[in-house]
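The values are calculated or read from the model by the stated rules, or taken from the named source; none is laboratory data. The shown structure was predicted, so the numbers you read here are calculated from the model rather than taken from an experiment. Glycine gets a Cβ as well: all are built from the backbone with ideal geometry, and neighbour counts include every protein chain shown. Heads up: the accessible areas ignore ligands, DNA and RNA and are worked out on the full protein's heavy atoms, side chains in. Shrake-Rupley method; radii C 1.70, N 1.55, O 1.52, S 1.80 Å.
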Amino acid sequence: MFKEKFDITGMTCTNCSMHVEKAVSKLAGVSEVKVNLMSNNMVVEYDENSLKSSDIVNAVVSAGYGATSTTDGVPKEHKQDESKTDEAQKVKNQLISSAIFFIPLFYICMGHMIGLPLPSFLSGNENMGVNALMQLCLTIPLMYINRGYIIRGTKALINKSPNMDTLTSLGVVTSFLFSLYSLFEMVHHMGHGHLDMAMENHNLYFETAGMIPTFVTIGKYLEARSKKKTTSVVEKLIGLSPNTATVIKDGREVEIPIEQLQVGDILTLKHGEKIACDGSIIEGNCMVDQSAITGESIPVDKSIGDSLIGGTVSVGGFCKFKAEKVGSNTMISQIIELVEETAGSKSSFTRIADKISSIFVPTIVSIAVIVTIVWLAMGYGIGFAIGMGISVVVISCPCALGLATPTAVMTGTGRGAENGILIKSAETLEKTSYANTIVLDKTGTVTEGKPEVTDIIPIGISKDELLRYALSIEKLSQHPLAEAICERCSEVLPYTVHTFESLAGFGLVGNVNSKRLLGGNIKLMNDNSIDVSAVKSMEETLSNQGKTVTYFALDGSLIGIIALADTIKPSSIDAITELKLMGMEVILLTGDNSKTANYVGNIIKADKVISEVLPQDKERVISDLKQKGKNVIMVGDGINDAPALISADTGISLCSGTDIAMDVADIILMKNSLLDGVTAIQLSRAVMKNIKQNLFWAFFYNAISIPIASGVFYLSLGLKLNPIVSSIAMSFSSIFVVTNALRLRKFKPTFDGKYHYETKQVKKNLPNVIEKVIHIDGMMCNHCVSTVTKVLNAIDGVSATVSLDDNCAYVSLTKNVQDSTLIDTISDEDFTVTSIEVKG
């Protein structure tokens, strides 16, 4: 199957998109059609052996719309979509042209209502013919300028797919033809000297025929501008990538168009340059600002072997990297495609609105005809009756129904993308908003996913000596625990190991300075008759905390133990606190042993802990929860989480997870933080609330306006609507819906605000942690932030995060660090500390 994207022109409401979708779906070989009203495009998946691109275009054209293929081999990230800008500019030009004729027509027809004088040649009964002809002369250009509504509406009616343009067309044409008929009657009576009869036939609606399309155009212009704002995130993403790339060919640097990049090319990256594609560093190092993609506020250091993301920016250093993903395969292109596809996807609300819209226009036309007949039957004049019918046609607005969901979905998913949260469909937003239970994988989701040294306990020697012996033997092993120990021992120098042996399932054995050095588990100690009674109770305490203990012995005597654990991520505890405040039940689900799982569960205060489960068992747990009526979110990052992610109502994967987990997940968290999962849930709830508000307005507007326009309250209250007032109301109903959706652009998660999630110390029983806020002058960019962060964290006992938004450093002190030390450290980097305050 081949997937192709088309730009569609002429769509104005959900009926249009439904008709295009229906026309293309009928073609043999088409397996899937997705029409996006917001971005005016369509994605078709079809068998290219039985169908051509031109066949699809012809089907759309036959349905009364325009179509052009946009799949032309140019990478997505470099196809700047100007459709929204072009649409807004085109409608603006149409509006300006209309205003030239609209203003004098409005003055002639409505000016006397507010006491404005008419020119003498247009006023008085003797000049009613001239007045009417002037209205006709101004109306015809207005109808020609806005002829698109009439043409599209007529085509839609002929194709038996009436839409919003059909209603506008009926209102305009009916008003014009009736007014033309009345004009002939007036001229006839005037020619025979029957002035009184001419006045009786002065029922002209030329102003309605001219003003209705003008007011609709005003609404379309404001709507086009608003729709452009809903897709601004996509346009920002598209604009991130450079147009050219510098590659090395035959030993020389050559600048080539981005379209010519190929996998395997070697590129250079200098300070200030945008990264042209996804790849990995093969030489040199740099600092990269990834905020546009991952949302990280601080630049990230990159060295050989590290990955680079296309569209991010180098803010320091020089490197060479190898292209691994180019064109539409890059992460940024996939994000763009995901956001666009999500906007075109449908929730249950969308399907309801679609069903209503499909019968809306025929129903309105039928009501208008009935209203006209009823008023005629009641003895009212034909002008009055037709005016009522026209008001019903014009005031009805299926656009508001059609725009209610896609505008909110597009804006919401765009806002999510800005915050590093990728949402794959509108249905995902809906299901996530209803969730009341969240199941969390432990390893790599709640925890860091790799072991870290947590406790160092020397026996009979100094701490540094224990670290030296540990590093000496562990650096010869490839075991993950050995790597973690070596990383912790990096500040000491190792001894030389003369002989070395790795005993699978036990540990390591070597000789240091003619002494036998052991490093391993309790089995290794017991086999070598090492007395470990001095640390027995301590070992039990550490094991109960889910930690792995490594013993070290020298010449038959225990010299210490080092404990390791997969530490909890700094943001996990705070994220789970927020989830529980939101009314979510939190369940920890892991294949790890019960002792470790229960310890982590107690730390994060999970409502329930389920441990020692196999991948298929995880899926069974999710299914059992759903059978109990729970709406379940599953958060994981591994291959073993994939069945559970699929089974859950909403699957959420971290970006650091496996490709399989990300493929099957409904939401991807680019920053690998559970707090973004909280944001995703709050965003989904905000979007669904916005959709409900929009749909309520759309239904409420039509439920109230149609009876008023048909004259239901005319006999009792004298309340009736002029067709012009109806056209204004109709236009602004759509604008209201789009504007309401745009409020989501300002969405922010309602966190407590006290947390500094990315660097805050996890509650690991740290004694006397003091938190301070340092106010700093002189920071201008992310490089400044990185510098201050680095020097503060280099101070023993200091954990710091620095924000450019408020020019503050937030520090946690586990040791007695004087304020003067903090001030001097920052001042040495040419920044000024204005004040320091203690939190709490």
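In table form, for the structure just shown:
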read-out: Accessible-area ranking of 189, 271, 783, largest first, probe 1.4 Å; value: 271, 783, 189
read-out: Efficiency of FRET from Cβ geometry, residue 151 and residue 627, R₀ 56 Å, rounded to 0.05; value: 0.50
read-out: Cα-based Kirkwood hydrodynamic radius, segment 460-535, one decimal, Å; value: 12.8
read-out: Projected label distance in nm at residue 712 and residue 818, using a 7 Å step from Cα toward the beta-carbon; value: 8.1
read-out: Which of 461, 445, 428, positive extreme of dipole for segment 426-488 (C-beta unit charges); value: 461
read-out: Greater than 18 Å apart at Cα, pairs in 630/671; 442/569; 580/608; value: 630/671
read-out: Rg to Rh, two decimals, where segment 390-500 supplies the alpha carbon set and Rh follows Kirkwood; value: 1.45
read-out: Segment residue 137-residue 537, extension gain: residue separation times 0.36 nm, minus the distance between their alpha carbons; value: 134.0 nm
read-out: Extent along principal axes [Cα atoms of segment 551-657; Å; largest to smallest]; value: 61, 30, 26
read-out: Distance between modelled label sites at residue 266 and residue 378, nm, 7 Å Cα→Cβ extension; value: 8.6
read-out: Sorted peptide list for 573-582, 387-396, criterion being average Cβ within 10 angstrom, highest first; value: 387-396, 573-582
read-out: Residue-span extension gain [residue 521 to residue 829] - 0.36 nm each, minus C-alpha spacing; value: 106.3 nm
read-out: Sequence of 685, 516, 415 from largest to smallest accessible area, 1.4 Å probe; value: 516, 685, 415
read-out: Extension gain from residue 61 to residue 748, taking 0.36 nm per residue of separation minus the Cα-Cα distance; value: 243.0 nm
read-out: Scattering profile of segment 503-549 at q = 0.15, 0.20, 0.21, 0.28 Å⁻¹ [log10 I(q)/I(0), Debye over alpha-carbon scatterers]; value: -0.46, -0.75, -0.81, -1.08
read-out: Accessible carbon and sulfur surface of segment 358-450 relative to its total accessible area, %, 1.4 Å; value: 65
read-out: Spacing of the two label points (7 Å from each Cα toward its C-beta) at residue 511 and residue 704, in nm; value: 9.4
read-out: For residue 137, solvent-accessible area (1.4 Å; no DNA, RNA or ligand), Å²; value: 80
